[in-house]
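S.K.: First the structure, then my questions, so here it is.
The values are calculated or read from the model by the stated rules, or taken from the named source; none is laboratory data. Computed from a predicted structure; not experimentally measured. For neighbour counting, all protein chains shown are included, and Cβ atoms are generated from backbone atoms with ideal geometry for every residue, glycine included.
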């Protein structure tokens, strides 16, 4: 069993925003997997929702996206990525915690967790660590994959992991963004064909980075990353500097995103 940190004793205490340190810009940290990660020029048009968060935040808010491709709640912590965030996070900052995709890989001892035991235990490390630093954790259930039956009905793919995260949020009085439910609703409303515009579905020759085309039902292209980020910010009332005007814009061009030379979480 993992040992919870001292923050567990104050799991519901920090319900109000802590004052920011003098000269410190409010910062949103993201701990997550490939669906949230920031991608490089060579990956274009692939993008993660963490990469698109600044679209819906005022410029005085900084986003530090530490989401790592292939990470689970366990591997992210075991690799020292959580420690890296906790060394940088400051009072009043926000930590978005979103895992589940790779926690389901229970045959992989480096990543697999079980929903009601080790998954919750690892998530508590993030909550306790953030609270010990007087920052504010927010749990984000994993974004749904593109899954449809033959008749076009969407179906869920994350098993009990979202329920386990919801239960942990309630038990620890942690704010929750139910991205599983929100994205599932969006995919169902769009249907099998229109969802291809959100996910990384490309025809051969459409992108120099994917010359043979690609059919990816887990990861996003720019449009999808932007729309998932909109869901996160719109429903994350504890996220600082939310830009109401941007959230109300119905059409945001893909080129508002920026792809760095290398993937920042991997460089």
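S.K.: Go through the residues of the stretch 186-207 one by one and say whether even a single one is over 22 Å from residue 35 (Cα atoms), outside any helix (DSSP H, G or I) and out of contact with any strand residue (DSSP E or B) (no Cβ under 6 Å at 6 or more places or on another chain).
M.R.: So far as the stretch 186-207 goes, yes, one or more of its residues are over 22 Å from residue 35 (Cα atoms), outside any helix (DSSP H, G or I) and out of contact with any strand residue (DSSP E or B) (no Cβ under 6 Å at 6 or more places or on another chain).
S.K.: Moving on to the next point. Looking for whichever is touching a helix residue (DSSP H, G or I) at 6+ places or on another chain (Cβ under 8 Å), modelled with pLDDT of 95 or more and closer than 28 Å to residue 205 by Cα here; the options are 40, 52, 71, 67. Which one fits?
M.R.: So the residue among 40, 52, 71, 67 that is touching a helix residue (DSSP H, G or I) at 6+ places or on another chain (Cβ under 8 Å), modelled with pLDDT of 95 or more and closer than 28 Å to residue 205 by Cα is 52.
S.K.: I'm trying to understand the selection: among the residues of the stretch 38-62, which are surrounded by fewer than 18 Cβ atoms within 10 Å (Cβ to Cβ) and not in a helix (DSSP H, G or I)?
M.R.: Those that are surrounded by fewer than 18 Cβ atoms within 10 Å (Cβ to Cβ) and not in a helix (DSSP H, G or I): 40, 44, 58, 59, 60, 62.
S.K.: If you go through the stretch 146-162 one residue at a time, how many are part of a loop (DSSP other than H, G, I, E, B) and either in contact with a helix residue (DSSP H, G or I) (Cβ under 6 Å, 6 or more places away or on another chain) or closer than 14 Å to residue 183 by Cβ (or both)?
M.R.: The qualifying residues number 8.
S.K.: For residue 246, which of the numbered conditions (1) part of a helix (DSSP H, G or I); (2) in contact with a strand residue (DSSP E or B) (Cβ under 9 Å, 6 or more places away or on another chain); (3) under 29 Å from residue 158 (Cα atoms) fails to hold?
M.R.: All conditions pass for residue 246, except number (3).
S.K.: Let me ask you something else. Name the residues in the stretch 197-207 that are surrounded by 16 or more Cβ atoms within 10 Å (Cβ to Cβ) and more than 20 Å from the chain's Cα centre (by Cα), would you?
M.R.: Listed by number, the residues that qualify are 201, 202, 207.
S.K.: Within the stretch 114-145, which residues are part of a loop (DSSP other than H, G, I, E, B) and farther than 17 Å from residue 187 by Cβ?
M.R.: Answer for the stretch 114-145, where residues must be part of a loop (DSSP other than H, G, I, E, B) and farther than 17 Å from residue 187 by Cβ: 114, 133, 134, 135.
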